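Below is one structure, written out as structure tokens; comments come after it.
The values are calculated or read from the model by the stated rules, or taken from the named source; none is laboratory data. Just so it is clear, the structure is predicted and the values come from calculations on it, not from any experiment. Counting neighbours? That spans all protein chains shown, and the Cβs are built from the backbone with ideal geometry, glycine included. Areas reflect the complete protein model, heavy atoms only, side chains present, ligands, DNA and RNA absent. Shrake-Rupley method; radii C 1.70, N 1.55, O 1.52, S 1.80 Å.
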Amino acid sequence: MISTKLSGAQIRQTFIDFFIEHGHTFVPSASLVPGGDQTLLFTNAGMVQFKDVFLGIDKRSYNRATDSQKCMRVAGKHNDLDDVGRDNIHHTFFEMLGNWSFGDYYKKEAITWAWQLLTDVWKLPKENLWSTVFRDELGDIPQDDEAAEAWKLMPGFKSEHVLYFGRKDNFWEMAETGPCGPCSEIHLDRGIKYCDKQNIPGHICQVNGDCLRFLELWNLVFIQYNRLSLTQLEPLPAKHVDTGMGFERIVSVLQNVDSNYRTDLLWPLILRIQSLTNHSDEQREAFFTPYRVIADHARAAAFLIADGVVPGNLGRNYITRMIIRRAYRFGSKIGLNEPFLAKVSEIVIQNYGDFYQELKNNRRSILNSITHEEEQFQRTLDRATTHLEAMLEEISTSGQKILPGIQAADLYTTYGMPFEITRDIARERGLDVDEVGFNLAMNEHRIASGAGKAWGEQGSEGIEVYRQLVEVLQKQGKLSGNGVAYDPYSRLEVSGQVLGLFHKSVPIQTAVPGDDIEVILPETCFYIESGGQVSDTGVIRSVDGSWSIEIQEMRKPAAGLIVHAGKVVKGEPKVGDRATASVDAQRRRDIMRNHTATHLLHAELRRVLGEHARQAGSLVAPDRLRFDFNHPGAVSPEELNQIEAGVNRDILGDFPLKITNKSYQQAISEGATALFGEKYGEMVRTITIGGDKPFSYELCGGTHVNETGDIGICIITSEGSVAAGVRRIEAVTGRKAYELIKNRFDLLAHASNLLGSTPELLPEKVTSLLDELSSSQKQIATLQESQISIEFSQKLQQIKLVNDVNVLSVKLNEADAETLRQMADRFRQQYPSKGVVVLASVRDGRPAIVASITEDLISQGLNAIELVKFVAVPLGGSGGGKPTLAQAGGKDASKLDIALDRVETWVRERLPG
Ligand SMILES: [Zn+2]
Ligand SMILES: [Zn+2]
């Protein structure tokens, strides 16, 4: 039906170019990790990166935009995982094409351009296109005749192809309150042969009839209301357009195939899997479900890791782990029993890498992470499956249908078997798994193992009152259209009139000492926490010197508004007073040293450990810097030395920092490093270090030193693990590094003083002292031995003749067990027959006894083991050994004399004379 054969990449590009020609700015896809939005696991729609614009918290320099947004729908409200592989249209990862109007054009233009692109550029048959518009089944919201009329004016559009639908299909809302509005969808009739529900009774083959004949291609959302409550809507002053077109779907239509997997986006992946399995084409079609799952997951895994989401135990990292493990298991169903997924993801990088540079830039870490994850799972999959099958067997035989969640949680914590795979296997046997129970069990496990909750929520209360103030100030001309001017880069002090004061989010006119307040000035040079760098602190003073406020924090409560938060320390600040705001300069300079050092460290980590060692989080504070990065194992002491030496070489190189502003796209295509979880606008600030041969090039809004030499020195203070595959380095620079070095020197001087040496000779001195110590200890031991030996010779006098046997039972001071044995031997040398000896000592408060009996007495029924046990009874001890030589210990040393007295009794009883 379509004659043009455009590639997927060309289709994406024609969409973008079409809207650029119509005055739109191309905005690159935001990361799959939503920047600054903790409530969302993944970017799941084109809307996400523009949400703040619609909410009025953010402003852009353009009012028309076009994009192709990377999306993941695999968790939360939008979760398509269950359908992936079972049909031809669902994916975990997909792209969403869109065009956007922020208070600019509206319905007529949006509809006209959609029609032109579909019919003039892409040549879709006009007679097969349908549109839907909004009609409220409750009659509360006006029906969208404006859109219906616009459709009817399109050349070649059949006016009877406009259909009205209600709230479920044609009214869009961001949340329970906030921006919302009617939408208009464009559907394509592919012909009755595509209907997959012809045999289903009651199926009405029409738009929104839920069969594959009518495909929804494009949704145009017209944001014109602000929802205040369930029943209350108010018109928005500025109306917006937000459109979304599923990229895979339009490609399948234009390439005239019946499955997204048969487009040139995913088909090369299917063919790569086939080459790995050596399947015939018939076998491939017979196993198309595993093929689809693997292709989908290989693509998702590559894009996730490219955005810095490595496999792990929680949240996003868990999803990456689950996706890879699930693909691996589906691979095992078609005979792939070794790690293979990287070979499929490699095609993703080839296929998508030109448009999404991050795939190419992170090629190695993508492929390594995937293989590593498969290898880990390979070890436990069989055992986990056997275990699970036994559990399922038990469930079935007991007539139940649902595996308890706690058992599924057990499989994950013991074997690393993700819940989703457990459920796959259960469902293959007609059973299911209790997901709620699983989550409860995992939460308990997390709490028990000391890991906190994964995701928090952010509140938005109080924004309104700040936004109103900005509006008023702008009307009065006291604030520019962009709001409070922000320049933390060129000065450390600014002056201006106090435009507003807030106490607990309530506007006030004046404050007194001790009040915690927020201060608004027309401009500020205080840095606001972002990109890991902490906010500046400082002081705001009235120009007449009557009051001062210590500033501890910076906040951005609404678009265009920056507030200085702190405590009044003197006087009574009033709105309208003239004041000067000064940043704590020394603290700021410490921060700048640490920030620039962080860039050097990042570059050096990648140079020494490899490109995969990318930033996974950072903190730039005045007293230290902390840097988290992806790396599978520990960093060796040699590597750490090399990294630290490299950073200091770069510091001594005294390279000037080159700071430029350019478009995000240009910076990324030049190879600049963007940071994980950061949110970027269309213009970005870049920091280049290294002169003619730059070794560091990062997107960064932070404050930096002028030349690397300003850092002074950088000392790494620790290296360790923070999570699976994520390491953390802490370091100090400048003043703190000096302090650390100075302290170490003092310590060294103190230690060498104590030893009467110098720091240089300290190791030698310590070695010689250790030698001396050990030879002294030996001497002491020898002396003790000879002393005991003399003592023993004297004690030999105490031998008693008991029934013709020489019996000696004495205490030797301070002898250890070995010495006791030696002395016992000496006794037997002197009395080779008819001899019984028991020697005892007390060391560290505990009694020890050795007993020995000559051979000839053994034959008469005497036994040293029996003897030593008998003797040890009063000591509360017991013993063992051989019939000729045995030993015992005890607890109560005070009974030693009583114990030794028992020897004679024992001999007498056994050898009745
Ligand atoms: Zn149908
Ligand atoms: Zn930075």
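With only the Cα atoms considered, region 820-913 has a convex hull volume of 81 Å³ per residue.
Calculated from the alpha-carbon coordinates, region 158-215 shows an Rg and a Dmax of 14.3, 43 Å respectively.
Legend: translational diffusion of region 229-270 by Stokes-Einstein, Rh = Kirkwood radius over C-alpha pairs, 37 °C, 0.692 mPa s; D = 245 µm²/s. When the P(r) is computed for the chain, the part past 38 Å accounts for 62% of the Cα-Cα pairs. Debye-formula intensities of region 191-233, expressed as log10 I(q)/I(0) at q = 0.15, 0.21, 0.30 Å⁻¹, are -0.56, -0.68, -1.06 (one equal scatterer per alpha-carbon, no solvent). Taking all protein chains together and rolling a 1.4 Å probe, residue 894 ends up with roughly 90 Å² accessible.
Residues in the chain average 46 Å² of solvent-accessible surface per residue, probe 1.4 Å, ligands and nucleic acids excluded. Using the average count of surrounding beta-carbon atoms within 10 Å as a protection proxy, the listed peptides 784-795, 11-22 rank, highest first, as 11-22, 784-795.
Within region 717-836, the percentage of alpha carbon pairs spaced more than 25 angstrom apart rounds to 61%. For region 306-446, the mean projected area of the C-alpha convex hull, equal to one quarter of the hull surface, is 9.0 nm².
In whole percent, how big is the carbon plus sulfur part of the accessible area of region 336-405, probe 1.4 Å, protein atoms only?
Carbon and sulfur together cover 46 percent of it.
Counting only protein heavy atoms and a probe of 1.4 Å, the accessible surface of region 672-792 is 57% carbon and sulfur. Among the GluC sites (Glu not before Pro) found in region 172-242, those both in a DSSP coil and sparsely packed, with 14 or fewer other Cβ atoms within 10 Å of their Cβ, are 176. Ordered by 1.4 Å accessible area with all protein chains kept, 187, 203 run largest first as 203, 187. What is the diffusion coefficient of region 219-323 in µm²/s, taking the Kirkwood radius over Cα pairs and the Stokes-Einstein relation at 25 °C with a viscosity of 0.890 mPa s? Using the Kirkwood radius from Cα pairs, D works out to 141 µm²/s. Dividing the mean sequence gap of close Cα pairs (under 8 Å, 6+ apart) by how many residues region 35-140 holds gives a relative contact order of 24 percent.
Just to confirm my numbers, what's the Cα centroid distance between region 169-209 and region 387-411 in Å? Region 169-209 and region 387-411 have Cα centres separated by 39 Å. Cross-link partners for residue 158 among the lysines, with Cα-Cα distance under 27 Å and sequence neighbours closer than 8 places in the same chain left out: 5, 107, 108, 123, 126, 168, 193, 197. Just how far, in whole angstrom, is region 668-719 from region 58-121 if you go by their alpha carbon centroids? What the calculation gives is 33 Å, centre to centre.
State whether region 296-352 is rounded, prolate or oblate according to the following rule on the C-alpha gyration tensor (a ≥ b ≥ c being the square roots of its eigenvalues): a/c under 1.5 gives rounded; otherwise a/b larger than b/c gives prolate, and the remaining case gives oblate. Oblate is the answer for region 296-352, as a/c is 1.5 or above yet b/c matches or exceeds a/b.
Its Cα gyration tensor gives region 521-674 an equivalent ellipsoid, and the semi-axes of that ellipsoid, as √(5λ) in whole Å with the largest first, are 38, 18, 14. What a 1.4 Å probe finds exposed on region 121-272 is 51% carbon and sulfur by accessible area, rounded to a whole percent. Inter-part distance, region 565-643 to region 300-323, computed on C-alpha centroids, equals 27 Å.
If I model region 125-248 as equal point scatterers sitting on the Cα atoms and use the Debye formula, what is log10 I(q)/I(0) at q = 0.16, 0.20 Å⁻¹? Log10 of I(q)/I(0), two decimals: -0.83, -1.15. For region 650-786, the spherically averaged projection of the C-alpha convex hull amounts to 14.6 nm². As a size descriptor, the averaged projected area of the C-alpha convex hull of region 394-439 was calculated at 2.9 nm².
Cross-link partners of residue 567 among lysines, defined as those whose alpha carbon lies under 30 angstrom from its own and excluding same-chain residues fewer than eight positions apart: 475, 478, 504, 556, 736. Residue 51 contributes an accessible area of around 60 Å² to the protein surface, as traced by a 1.4 Å probe with all chains present.
For a straight C-alpha distance cut-off of 19 angstrom, the lysines reachable from residue 869 (same-chain residues fewer than eight places away being disregarded) are 811, 882, 891, 895.
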